[in-house]
Amino acid sequence: MSNLNFNLLTLFPEMFPGMVGQSLAGKALERRDWSYNAVNIRDFGDGAHKNVDDTPYGGGAGMVMRADVVEAALLSVPKSGKKIYLSPRGKVFNQAMARELSQESNITMLCGRYEGVDQRVLDAHEFEEVSIGDYVLSGGEPAAMIMMDAIIRLLPGVMGNEDTADNESFGSATGGLLEYPHYTRPAQWKDANGSAHSVPEILTGGDHAKVARWRQEQSLALTTLRRPDLLKK
Ligand code: SAM
């Protein structure tokens, strides 16, 4: 039984739990395997208008989230634990990071909007910057949910079968490679154009050692073709 709590610093608290409130993660939330606390940064805004942003020093387009406002939102959290700022400039999120983060008890995720957040609050509170890929989203909330999904499914009991994650792409049993292709019934299938497709014979022969070898070969071939960078690791 794990008790991982996510503190989500956001201007859109109503976006949560969003997709992580469904399916496996949703059931785990109901079981209290994990919890979340969505903090509305706007509640800590300045003045009657609850301002959270201002123009960037040095000029340029857009607005920047204020350090004092973000800090007040952060300090409202009882146990911040590991602090992450979702950012395209960050270290790119991967399965190894998901595994590490699934061991934490508290994770605070700061979801940026506009041009981002005043650098001083990130430095002062030692936020680690994490990106979900080389593209720019309009806000950190979808990125936070993607990270949460990858982390939550690794919590004990969430996937049912504890071995599943090891056997998947990037898992220890797959040697960190991409996973082999899957097939299920019917064994013979005709697509909408009338072309027939059968299942690779080796998978229906009942020889487990041969199946395991075939899967390893497929895994290696796919990784060589699509992600040669993983082989170097
Ligand atoms: N001006 C920023 C830059 O060029 O790096 C982009 C700001 S983006 C429009 C607004 C917010 O979305 C960011 O502060 C961040 O929280 C989030 N975001 C955008 N792309 C992301 C990514 N690839 N990974 C994680 N968060 C992202």
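Quick rundown of the values:
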item	result
Cleavage-rule hits, GluC sites (Glu not before Pro), the range 46-151, DSSP coil, Cβ neighbours within 10 Å at most 13	E126
Among S131, S219, S87, residue whose mean-square fluctuation peaks in a GNM of the chain (springs only between Cα atoms under 10 Å)	S219
Label-point separation, R32 to D191 (7 Å along Cα→Cβ), nm	5.0
Under-5 Å amide H pairs with S87, H placed in peptide plane, nonlocal only	V130, S131, I132
Unit charges on C-beta of K, R, D, E only; dipole of the range 1-127, Debye	440
Most mobile of S198, S102, S172 in a GNM of the chain (Cα contacts under 10 Å)	S198
Distance between the range 137-172 and the range 55-111 - C-alpha centres, whole angstrom	19
FRET efficiency, A48 to Y135 (Cβ-Cβ, R0 45 Å, nearest 0.05)	0.75
Of all DSSP beta bridges in the range 74-233, antiparallel share, percent nearest 5	25
Lys, Arg +1 and Asp, Glu -1 on Cβ, resulting dipole of the range 189-233 about Cα centre, debye, nearest 20	280
Stokes-Einstein D in µm²/s, Kirkwood radius over Cα pairs - the chain at 25 °C with 0.890 mPa s viscosity	120
Max mean-square fluctuation residue, GNM over the chain, Cα-Cα springs under 10 Å, options T55, T184, T164	T184
Relative counts (whole %) of C-alpha pair distances in the range 1-107, using bins that are 10 Å wide	12, 36, 34, 14, 3, 0
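Only the coordinates and a few stated rules stand behind these numbers; no lab work does. Since we're looking at a predicted model, the values are computed, not measured. Quick reminder, even Gly has a Cβ in these numbers, built from the backbone with ideal geometry, and neighbours come from all protein chains shown.
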